[in-house]
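Comments concern the structure below.
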Amino acid sequence: MFPFHRGTALEPSCVATARKFVDQTLASWGTTEHAFDAQLVVSELVTNAMRHGGGAAQLRLLAHRAELACVVTDYSQTVPVAAAPDVFSEYGRGLRLVDALCTAWGWLSPDGTRKIVWALIAG
């Protein structure tokens, strides 16, 4: 688990920190086959947390056999929506990328104050 500091949860550098956490965690587990996909997925989820969720609160990686779950908690209850593709838009492709790389993704708001967005990468 990686907790983001409230003061830096909206800083662009937290995306790089999240990617580094992915690398270090997967290396310590001795499983790097999902590293590139996991970095992309985590980057998108953390960026969305910064832009639409009031900042990233926490990042978790969970592994079970050949599956890897990337879980990002933010400070909002706003439902994540995969925007319709627009070739001229500068933004809006993140969740489509997550959907393409993952076998499943979703969200929940268990305590009513924060949102958890998860994405599952299968081997």
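The values are calculated or read from the model by the stated rules, or taken from the named source; none is laboratory data. Predicted model only: the values in this text are computed from it and were never measured. So basically every Cβ, Gly included, is an ideal-geometry build from the backbone, and we count neighbours across all protein chains shown.
Please determine whether any residue of the range 94-108 is of a type in the set (D, E, K, R) and more than 25 Å from Leu26 (Cβ to Cβ). No, that holds for no residue. Can you tell me which residues in the range 2-23 are over 11 Å from Gln39 (Cα atoms) and either surrounded by fewer than 17 Cβ atoms within 10 Å (Cβ to Cβ) or modelled with pLDDT under 75 (or both)? Across the range 2-23, the qualifying residues are Pro3, His5, Arg6, Gly7, Thr8, Ala9, Leu10, Glu11, Pro12, Ser13. On the stretch given as the range 23-60, residues that are of a type in the set (D, E, K, R) and in contact with a helix residue (DSSP H, G or I) (Cβ under 8 Å, 6 or more places away or on another chain) total 3. Within the range 17-54, the set of residues being under 12 Å from the mean Cα position of the chain (by Cα) and among the aliphatic types (A, V, I, L, M) comprises Ala18, Val22, Ala38, Leu40, Val41, Val42, Leu45, Val46, Ala49, Met50.
Please count how many residues of the range 69-84 are within 16 Å of Val46 (Cβ to Cβ) and not acidic (Asp, Glu).
The initial filter retains those residues of the range 69-84 that are within 16 Å of Val46 (Cβ to Cβ), namely 69-76, 78, 80.
Of the ones still in play, those that are also not acidic (Asp, Glu) are 69-73, 75-76, 78, 80.
Residues flagged as within 16 Å of Val46 (Cβ to Cβ) and not acidic (Asp, Glu) within the range 69-84 amount to 9.
Considering only residues in the range 106-122 that are more than 12 Å from Val79 (Cα to Cα) and buried (at least 21 other Cβ atoms within 10 Å of the Cβ), the one that is nearest to the chain's Cα centre (by Cα) turns out to be Ala119. Mind checking which residues of the range 34-43 are without any contact (Cβ under 8 Å) to a residue 60 or more places away in the chain and buried (at least 23 other Cβ atoms within 10 Å of the Cβ)? If the condition is that a residue be without any contact (Cβ under 8 Å) to a residue 60 or more places away in the chain and buried (at least 23 other Cβ atoms within 10 Å of the Cβ), then Val42 is the only one that fits.
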